[in-house]
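Take a look at the structure below.
The values are calculated or read from the model by the stated rules, or taken from the named source; none is laboratory data. Since the model is a prediction, treat every value here as computed from it, not as a measurement. When we count neighbours, we look across all protein chains shown, and the Cβ atoms used for this are built from the backbone with ideal geometry, even at glycine.
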């Protein structure tokens, strides 16, 4: 029984910290673009970029 007096406030505190961290990340823009990184891995980037050719002087 004495363990509950310690564990219940400790677990409630951990939940509040987790919720605070989630809202902090949400406000900073961490979850703004959830689709972009998933689609970026599917793009084929094997082409050579010819816009920045090295030209001899």
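Return yes or no: is residue 5 at negative phi, surrounded by 10 or more Cβ atoms within 10 Å (Cβ to Cβ) and at pLDDT 85 or above? No; evaluated as a whole, the condition is false for this residue. Within region 10-29, no residue that is free of Cβ contacts under 8 Å to residues at least 12 places away in the same chain sits with its Cβ atom under 6 Å from a residue that is assigned to a helix (DSSP H, G or I) and surrounded by 10 or more Cβ atoms within 10 Å (Cβ to Cβ) at 6+ positions apart or across chains.
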